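All remarks here apply to the structure that follows.
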Amino acid sequence: MSARDQLSTPTIRLSDYRAPAWRVERVELEFELGIDVTEVASRLLLRRDRAQDEPLRLDGEGLELLSIALDGQPLPVDRYRQTEAELEVDGARDGSVLETRVRLRPAQNTALEGLYLSGSRDTGFLLTQCEAEGFRHITFFHDRPDVLAQYTVTLRADRSRFPVLLAGGNPDGAGELADGRHWARFVDPHPKPSYLFAIVAGRLERIARDYRTADGRAVKLVIWSEAHVIDRCEYAMDALERSMRWDEQAYGRNYDLDVFHVVATHDFNMGAMENKGLNVFNAKYLLADPDSTTDDEYRAVEAVVAHEYFHNWSGNRVTCRDWFQLSLKEGLTVFREQQFSADMNSPALKRIEDVALLRRAQFPEDAGPLAHPVRPSQYSEINNFYTATVYEKGSELVRMLAGKLGPDGFRRGMDLYFAHNDGQAATIEDFLGALGEANGIDLSPYLAWYAQAGTPRLRASGRYDATRREYALTLTQHTPPTPGQAEKRALPVPVKLALFARDGHMLPLHVDGHPRSGDTELVVVADKAEQQIVFREVDAEPVPSLLRGFSAPVILEGMDAAADLALLLRHDADGFNRWQAGQQLATCAYETLRDHGGGGAIDAWCGALAGLFAEDGIDPALLAELMTPPGEVELAEREREADPERIHATRQQLQQRLAEQLGGEAILSRYQALARETSAGLDATSQAQRRLKRRLLELLALLDTPTAQLLAAQQYEQAPGMTDRLAALAVLVRSDAPQAAGALAHFRQRYADNPLALDKWFSVQTQRTGEPALAIVQTLERDAAFTLKNPNRVNSLYGAWARNNPSGFHRTDGAGYRLLAERLAELDALNPQIAARLATVLNGWRRLEPVRRARAREAIAALAEREGLSRNLAEIVRSMLH
Ligand code: 0A1
Ligand code: ZN
């Protein structure tokens, strides 16, 4: 950790934004690469804003300055000052050229920010990570996204140790040097901010493909990885090609360089990074083969490849003015990826997965001490703001805007946005402005969504008047206070709705003032604390279906009559809406079971699902999702004093009731039929069948454990791929099967050389519920393959345990919290970003029941008081305590 990380740093505020006093027009970098020592020579052509009178100050951290010259003259020591975070230089003018040379130590960089070593000293490779503020760890620069420069990068290194030399931009020559060294140069014609800079150097293998863009450019697509896994990159290459075609067709966006490089690394803090022309991927989101990759992971690879590629326009060609605008690129790019994935796969399932993720990850964030707006107004450490709120809620905001404009209007708006802001650093106002301008609509009311934290609660109630044949729907909205935002205003909430007749058909809608009378679906924008919509010509009391497609990121309350929800679950033609009704009904069922031990909602849920289970024609993947109640984290969100053990037990009982209703025989025979019919392929049908097969095995384990364990052991042995193998292993572990130990030992050995598969071996074991989980985690952290230095491994152990196994992590004795806090402190000394992100698992501590709450608080407070915490971790733990 650098000295600066330990300093308490000031709060950065959006309201303090000033345009840069200095800019860099061109930058030339020369790297003398080495694992222990790398030297970086930089030449900056500077431009000064004549309206401002600031001295030249450049960001730079942990840089050993070897030489400095201004306009060709070496600078004497009294003409510049280097602090821990900055370099100030006297005498610079508009047009000056500043030259510096610095020394870096990549092998010592465990924070994985700036230039670092991935893998071992002997076989690993060097790479960079610059978003958000890593470039300042490489050279002195205006390390802020509104300074866009043209880069020329020359790399020099020993040829046998670093045969491959890559940087962003187009190749511009390469050759031999004396002493077995060689060089390569890259020129990027597109001005870019420093966070998009990247280099890679080492021994890597490649696969390549020729691509021609719709506007005629010949592009070489190249994916790089360690040699022994290069044949696992084909799927990502296909996904890349699909993404490029899709962006041409859906948004008219073409790629704009002659080469596009993608590199896989096992040592990465995030999922992947969109560096211009040189994307870097966490191997987890790039490598795929049936033997070690699950169906869900295949879809994640496709999604992340697409996400990074789409950034080339939404992020790179149009970038962010400052880091407060992060959602401008991230929310928009997540939305574009969601559209793409929906087009490539099942739209209903994609929407289900995305909404489930929002509810599991973003709603708790919005309801806890770390709540922040999609556009935060202040931060201390920007790396803490790569959150579900900025990404996932940000995407929901774009979706609302897109919904308001319709497909053609949104496309028109996006075209204008790209045209107006190409090559520039933009704001969220620029985005809404362009969308609105292209459609003659004022979208500024939606800006409030970007500024207000917290999830609005939308309460609905309906009244039917038989004599007037009218149905009145009342919508009230309310957003609970969040830290620093006590007062909330009403937001424009688009509510897509339909009314169903009791026989399950949709009614034509007649609302005064609504232009398309007779449609069966319409969108009402609820933008006041309370409003009413009156539907006319309604012959009998209808069943309303609200927030269809999840038309706004709100929590819907009311309207939870079990019979109505069961009707929607059975009859709605739209898979997503059906799922949504099912989730609401399952929640009611869960709560009746918890509070009364039984009741109508349980029968309604189980009965509706039994009906669907018996039907032919429903997509097996959708059926599997319908048969899954909301997760434990989501259920805990609804409680003021959550007891994770009790939540787990009640949810299990609810699923058991479902299993009983379906019947052991029926489950078994459906499982066996699926086992016979399912091919090993990646096609949608086989994936869907595997998904249902897994769900049936899980349900059977609650009904007839020995039989389910036998089947799981068999499935483990005969599995043609990782999806079935891991599903079986999970059932064995979670049900504490006698066969579990053997299967785990087999898995461990079989995948000893495959870190991504081994991560699954760690995480699956953390899923043992209740009391035994802690000891399992303690054993796993002593395993020879465990290391705090690898983010994926850390997340596969502590992350999986604390996030996905509430009953195993939240112990009444507080031992889970203490272990985690201890590891967070150790991890913080190595990698502050990963420590800070892992710490957010404690975000919901205040809503635990009193005993656990007190234990959690003690552990967090003790951590907060430790000396020398990084700025990253300090910001998270201190905010959690406030
Ligand atoms: N822009 C990337 C996310 C990212 C952010 C920070 C990183 O380093 C700490 C790495 C990647 C994306 O959205 O994919
Ligand atoms: Zn992104």
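No lab work stands behind these numbers, since they all come straight from the coordinates. On a predicted model such as this, the values are computed, not experimentally measured, just so you know. Note: ideal-geometry Cβ built from the backbone for every residue, glycine included; neighbour counts use all protein chains shown.
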Filter result for the condition that a residue is buried (at least 19 other Cβ atoms within 10 Å of the Cβ) and more than 17 Å from residue 695 (Cβ to Cβ), over 604, 573
604
Complete set of residues in the range 270-289 that are within 19 Å of residue 837 (Cα to Cα), surrounded by 21 or more Cβ atoms within 10 Å (Cβ to Cβ) and within 7 Å of ligand 1 (Cβ to nearest atom)
272, 273
Can you pull out the residues in the range 292-328 that are farther than 22 Å from residue 150 by Cβ and outside any helix (DSSP H, G or I)?
292, 293, 294
Counting residues that are more than 28 Å from residue 730 (Cα to Cα), which helices (runs of 4 or more DSSP H) fully inside the range 753-869 reach at least 2?
815-830, 832-839, 850-864
Is it true that some residue in the range 255-277 is in contact with a strand residue (DSSP E or B) (Cβ under 9 Å, 6 or more places away or on another chain), assigned to a strand (DSSP E or B), farther than 15 Å from residue 333 by Cα and within 16 Å of ligand 2 (Cβ to nearest atom)?
yes
Filter the range 362-377 for residues that are in a helix (DSSP H, G or I) and in contact with an Asp or Glu (Cβ under 7 Å, 6 or more places away or on another chain); the one that is nearest to ligand 2 (Cβ to nearest atom) is 362
Against the definition (in contact with a Ser or Thr (Cβ under 9 Å, 6 or more places away or on another chain) and away from ligand 1 (no atom under 13 Å from the Cβ)), how does residue 265 come out, yes or no?
no
Taking the range 333-360 as the region of interest, how many residues are in contact (Cβ under 8 Å) with a residue 24 or more places away in the chain and either among the basic types (Lys, Arg) or touching a Pro at 6+ places or on another chain (Cβ under 6 Å) (or both)?
4
Looking only at residues that are in contact with an Asp or Glu (Cβ under 7 Å, 6 or more places away or on another chain) and of a type in the set (Lys, Arg) in the range 223-270, which one is farthest from residue 411 (Cα to Cα)?
232
Per the filter on the range 98-143, residues within 16 Å of ligand 1 (Cβ to nearest atom), in a loop (DSSP other than H, G, I, E, B) and at negative phi are 109, 110, 111, 113, 130, 131, 132, 133, 134, 138, 143
Members of the range 305-318 found to be within 11 Å of ligand 1 (Cβ to nearest atom) and either over 22 Å from residue 242 (Cβ atoms) or surrounded by fewer than 24 Cβ atoms within 10 Å (Cβ to Cβ) (or both), listed by number:
316
Return the total of residues in the range 21-55 being over 18 Å from residue 98 (Cβ atoms), of a type outside the set (Ser, Thr, Tyr) and not in a loop (DSSP other than H, G, I, E, B).
1
Being touching a residue at least 40 places away in the same chain (Cβ under 8 Å), surrounded by 18 or more Cβ atoms within 10 Å (Cβ to Cβ), farther than 23 Å from residue 187 by Cβ and away from ligand 1 (no atom under 16 Å from the Cβ) narrows it down to one residue among 87, 75, 58; which is it?
87
Conditions (1) within 11 Å of ligand 2 (Cβ to nearest atom); (2) under 24 Å from residue 756 (Cα atoms); (3) touching a residue at least 60 places away in the same chain (Cβ under 8 Å) -> residue 330 fails only (2)
With the checklist (1) more than 30 Å from residue 811 (Cβ to Cβ); (2) buried (at least 21 other Cβ atoms within 10 Å of the Cβ) in hand, flag the one item residue 720 doesn't pass.
(2)
So which pairs qualify, if the first residue must be in the range 299-313 and away from ligand 2 (no atom under 14 Å from the Cβ), the second must be assigned to a loop (DSSP other than H, G, I, E, B) and of a type in the set (S, T, N, Q), the Cβ gap must be under 8 Å, and the two must be at least 6 apart or on different chains?
299/345; 301/293
